[in-house]
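The values are calculated or read from the model by the stated rules, or taken from the named source; none is laboratory data. In this text, all values refer to a predicted model and were calculated from it rather than measured experimentally. Note that each Cβ is placed from the backbone with ideal geometry, even for glycine, and that neighbours are counted across all protein chains shown.
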Amino acid sequence: MNIPAESGPKSPVSEQERSELKMDAGDFKEHGLYLLFTGGKRIVLTRARIEAFARNFAANLEQLPTRIRAAAAFKPCPVCPEKERAKFCHALPATLAFYEELEAFKSYDKVSAVYRGSEPGLIWVPETTMQEALQFVAILSLMYYCELGRKYRKFFLGVHPLVSMNEMNARIHLNVFWDCGGDRQKTDQVLQSFFEEITCTCRCQVQRLRLVCRSDALMGAFVNIQSQIGYAAMSQGTLPEQSFAGFLEDG
């Protein structure tokens, strides 16, 4: 099987474990994230599943317990442009679509992950943590379904959910820098605003998760994204230079 491994796994799985994962390139046809466990168990997280869940969720809100629907955390964020009209946070279904399958996992549990995006080929990380792998769910929730986060989606160009923290930070920073026409002061301002608003939405999303599930791994994924955007905001224009310098040193 010819799947390029993402650089940076701390402890690659053995050949025996790789065989036990029962990996075949033909199993990863749909865009999304595939979590693979020894023994053949796998969890498939795709946009198609989110869309189906979201439609059912909106049509059956009355089936949720009254205490959940009435909770302040269930409502849209204070910074949401739809807070006066929306009955619930539109990013919530993207998170809840998989919570039953993910609820039993801890942030630090190990997993092998395969990601298929819009580009040709697959990205495979032999070993990562559930918290890191579930950045896929957090990014989709915040950048594609959150009414506020959608305006920042362009800054995730070239970012896939299994990328390393340093590479994600550098890519976000460079995308903002390009979008601001190379203006460093404006770049810092946009990054700071991005961080403040995403911090609010991440905190609200974690509070919503606590209403309906106990997925430590899902909550950790949102904290991860928040901290990474915060690091990019605090770098004050030095992150691109650091990234290029590190790349040249490694070469």
In the stretch 15-37, the residues that are more than 23 Å from Ala104 (Cα to Cα) and either at pLDDT 80 or above or loosely packed, with under 12 Cβ neighbours inside 10 Å (or both): Glu15, Gln16, Ser19, Asp24, Gly26, Phe28, Lys29, Glu30, His31
Among residues of the stretch 38-89, those that are surrounded by fewer than 17 Cβ atoms within 10 Å (Cβ to Cβ), in contact with a Ser or Thr (Cβ under 9 Å, 6 or more places away or on another chain) and within 22 Å of Cys200 (Cβ to Cβ), counted: 1
Pairs where the first residue, in the stretch 202-229, is at negative phi and part of a helix (DSSP H, G or I) and the second is surrounded by 19 or more Cβ atoms within 10 Å (Cβ to Cβ) and acidic (Asp, Glu), C-beta under 8 Å, 6+ apart: Ala221/Glu132; Asn224/Glu132
Positions within the stretch 131-173 being among the aliphatic types (A, V, I, L, M), crowded, with 19+ Cβ neighbours inside 10 Å, closer than 20 Å to Ala217 by Cα and touching a residue at least 40 places away in the same chain (Cβ under 8 Å), in sequence order: Ala133, Leu134, Val137, Ala138, Ile139, Leu140, Leu142, Leu162, Val163, Met168
Subset tally (residues that are without any contact (Cβ under 8 Å) to a residue 24 or more places away in the chain and either surrounded by 16 or more Cβ atoms within 10 Å (Cβ to Cβ) or not in a helix (DSSP H, G or I) (or both)) for the stretch 177-196: 5
Close pairs from the stretch 107-123: first free of Cβ contacts under 8 Å to residues at least 24 places away in the same chain, partner assigned to a strand (DSSP E or B), Cβ under 9 Å, at least 6 apart: Tyr108/Thr129; Lys110/Glu127; Lys110/Thr128; Lys110/Thr129
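Hey, among Glu132, Glu147, which residue is of a type in the set (Asp, Glu), part of a helix (DSSP H, G or I) and closer than 23 Å to Val206 by Cα? Outline the logic, then answer.
Values: Glu147 fails: part of a helix (DSSP H, G or I).
Every option except Glu132 fails the conditions.
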Residue under evaluation Glu101, criteria (1) closer than 28 Å to Arg214 by Cα; (2) in a helix (DSSP H, G or I); (3) more than 16 Å from the chain's Cα centre (by Cα); (4) without any contact (Cβ under 8 Å) to a residue 24 or more places away in the chain, criterion not met: (4)
